[in-house]
1. What residue, among those in the range 19-31 that are closer than 30 Å to SER109 by Cβ and crowded, with 20+ Cβ neighbours inside 10 Å, is farthest from the chain's Cα centre (by Cα)?
2. Being in contact with an Asp or Glu (Cβ under 8 Å, 6 or more places away or on another chain) and either at pLDDT 95 or above or not in a helix (DSSP H, G or I) (or both) narrows it down to one of LEU52, LEU44, LEU82, LEU101, so name that one.
3. Only residues that are within 17 Å of LEU9 (Cα to Cα), in contact (Cβ under 8 Å) with a residue 24 or more places away in the chain and of a type in the set (Val, Ile, Thr): list them for the range 76-107, please.
4. Collect the residues in the range 85-98 that are closer than 16 Å to PHE47 by Cβ and not in a helix (DSSP H, G or I), keeping them in residue-number order.
5. Can you name every residue in the range 56-75 that is surrounded by fewer than 15 Cβ atoms within 10 Å (Cβ to Cβ) and free of Cβ contacts under 8 Å to residues at least 24 places away in the same chain?
6. Within the range 12-41, which residues are polar (S, T, N, Q) and in a helix (DSSP H, G or I)?
7. Among the residues of the range 32-55, write down those that are over 19 Å from VAL83 (Cβ atoms) and either surrounded by 16 or more Cβ atoms within 10 Å (Cβ to Cβ) or acidic (Asp, Glu) (or both).
8. For the range 55-79, what are the residues that are more than 14 Å from the chain's Cα centre (by Cα) and part of a helix (DSSP H, G or I)?
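The values are calculated or read from the model by the stated rules, or taken from the named source; none is laboratory data. Fair warning: this is a prediction, and the values are worked out from it, not measured in the lab. Every residue, glycine among them, receives a Cβ derived from its backbone with ideal geometry; neighbour counts consider all protein chains shown.
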Amino acid sequence: MKIAFYIVLTILVFLAVSSGITKIMLMQQDVEMFGQYGFNNPILIAFGVTQLVGGILLAWPRHRVTGTVVVAVTFLVSAVVLVLAGNIPLAAITVLFVLLLGFIAKKSSSF
């Protein structure tokens, strides 16, 4: 079970950090999608920094639970934006990642 934990953790860290970086870099797709729902560039950059910090916190065992909360909140915001944009399949995948973050938080508190 520890192997599955670390595989899921690695995927989630990569996903959170890469997602944060794309928002910080103001990638065109993110700017267009989030911009339709009130995210101007400074807000999108702050949102990306929050995701990046959450992803980094996920990597440190001492701060892992805090990281899961931060990343889960940002992923849920992204899921809402995806639903509003009509991208239900990607929103469902994002919610699946939130559930995996719950798995990480539960297992991290027991280690």
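1. Filtering first and then ranking leaves LYS23.
2. LEU44
3. VAL98, ILE104
4. ALA85
5. TRP60, ARG62
6. First, pick out the residues of the range 12-41 that are polar (S, T, N, Q): 18-19, 22, 28-29, 36, 40-41.
SER18, SER19, THR22, GLN28, GLN29, ASN41, listed by residue number.
7. Within the range 32-55, ILE45, GLY48, THR50, LEU52, VAL53, GLY54, GLY55 qualify.
8. PRO61, ARG62, HIS63
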